[in-house]
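For reference, the structure discussed in these notes is given below.
The values are calculated or read from the model by the stated rules, or taken from the named source; none is laboratory data. Computed from a predicted structure; not experimentally measured. Here Cβ is always computed from backbone atoms with ideal geometry, including for glycine, and neighbour counts include all displayed protein chains.
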Amino acid sequence: MSRFMRGDSVEIMAGFPDNSIDFILTDPPYLVGFKDRSGRSIANDVSDEWVLPASREMFRVLKNNSLAVSFYGWNRVDVFMQAWKSAFVGYQHENAYLLAKGRPPLPAKPLPDVMPWQYTGNRHHPTEKPVSILQPLIETFTRPGDLILDPFAGSGSTCVAEDQCGRRWIGIELLEQYHAAGLRRLGEQRAARAAHAA
């Protein structure tokens, strides 16, 4: 069965059975009021009222253990992200954006866009990242001798990883208990390194 249907997607999807779609690939309006050179516009490109209902319908009709890919307008990522979080509630990953100032050189060995990691158990901080996931980022995007800043260092996972990579670093943490945990971790790491060197 292949069909190209005309109508409101939320209303049409409402007629589809639950768990009936294997994959979704879509390029919805970006909410930018787009007009091309000849004055053509796109439906629903100025109001975001449809984003959450459409996302909920997409989630409902998508089969379990299936994927959806949706393009979105960067300047309205907040609207799309909120709708996706509300509809696709299976939060099992974290995002990090690679931001650039100017045109830095590309890394010789680019990282994959999805990197698995082991859960830390959040022993030192409620949102503790594993050092093992931070090291490849540091090694890929910096050189030995570079100075790295983490202005929200928590319990120092980034500082530990930077130290292990032989980088210079500055970590900043507001709360005393997490700062103290970071100092303990760094002290333990340095003591272990000294014992290993002896």
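Anything in segment 58-80 that is β-branched (Val, Ile, Thr) and either exposed (fewer than 11 other Cβ atoms within 10 Å of the Cβ) or touching a residue at least 12 places away in the same chain (Cβ under 8 Å) (or both)? List them, or say none. Within segment 58-80, Val61, Val69, Val79 qualify. Annotation note: of Arg60, Arg56, Arg6, Arg40, the sole residue that is out of contact with any strand residue (DSSP E or B) (no Cβ under 8 Å at 6 or more places or on another chain) and closer than 15 Å to Val79 by Cα is Arg56.
Quick grid of which residues meet (1) of a type in the set (Lys, Arg); (2) surrounded by fewer than 18 Cβ atoms within 10 Å (Cβ to Cβ); (3) closer than 21 Å to Pro112 by Cβ; (4) more than 21 Å from the chain's Cα centre (by Cα):
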position	(1), (2), (3), (4)
Gln135	no, yes, yes, no
Ile138	no, no, yes, no
Gly154	no, no, no, no
Ser157	no, no, yes, no
Cys165	no, no, yes, yes
Gly171	no, no, no, yes
Gln177	no, yes, no, yes
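Could you please let me know if Thr120 is modelled with pLDDT under 90, surrounded by 12 or more Cβ atoms within 10 Å (Cβ to Cβ) and in contact with a Cys (Cβ under 9 Å, 6 or more places away or on another chain)? Criteria not met by Thr120.
Looking only at residues in segment 11-37 that are in contact with a strand residue (DSSP E or B) (Cβ under 8 Å, 6 or more places away or on another chain) and of a type outside the set (A, V, I, L, M, F, W, C), the one that is surrounded by the most Cβ atoms within 10 Å (Cβ to Cβ) is Pro28.
Looking only at residues that are closer than 25 Å to Leu67 by Cβ and in contact (Cβ under 8 Å) with a residue 40 or more places away in the chain in segment 30-57, which one is nearest to the chain's Cα centre (by Cα)? Checking each candidate, the answer is Tyr30. Within segment 73-89, the set of residues being under 28 Å from Lys129 (Cα atoms) and not in a helix (DSSP H, G or I) comprises Phe88, Val89. Filtering Arg143, Arg168 for residues that are at pLDDT below 90 and in contact with a helix residue (DSSP H, G or I) (Cβ under 9 Å, 6 or more places away or on another chain) leaves a single hit, Arg168. Per this entry, Ala161 is not counted among residues that are exposed (fewer than 11 other Cβ atoms within 10 Å of the Cβ) and farther than 13 Å from His125 by Cα. With respect to the conditions (1) part of a loop (DSSP other than H, G, I, E, B); (2) in contact with a helix residue (DSSP H, G or I) (Cβ under 6 Å, 6 or more places away or on another chain); (3) among the charged types (D, E, K, R), Arg56 lacks only one, and its number is (1).
Quick check on segment 16-23. Is at least one of its residues in contact (Cβ under 8 Å) with a residue 24 or more places away in the chain, farther than 28 Å from Pro136 by Cα and within 20 Å of the chain's Cα centre (by Cα)? Within segment 16-23, not a single residue is in contact (Cβ under 8 Å) with a residue 24 or more places away in the chain, farther than 28 Å from Pro136 by Cα and within 20 Å of the chain's Cα centre (by Cα).
Contact map, segment 159-185: residues that are assigned by TED's automatic domain parsing to the domain that holds Pro126 paired with residues that are among the charged types (D, E, K, R), Cβ distance under 6 Å, separation 6+ or inter-chain. Pairs shown: Val160/Arg185; Cys165/Glu139; Arg167/Asp146; Trp169/Glu162; Gly171/Asp150; His179/Glu173.
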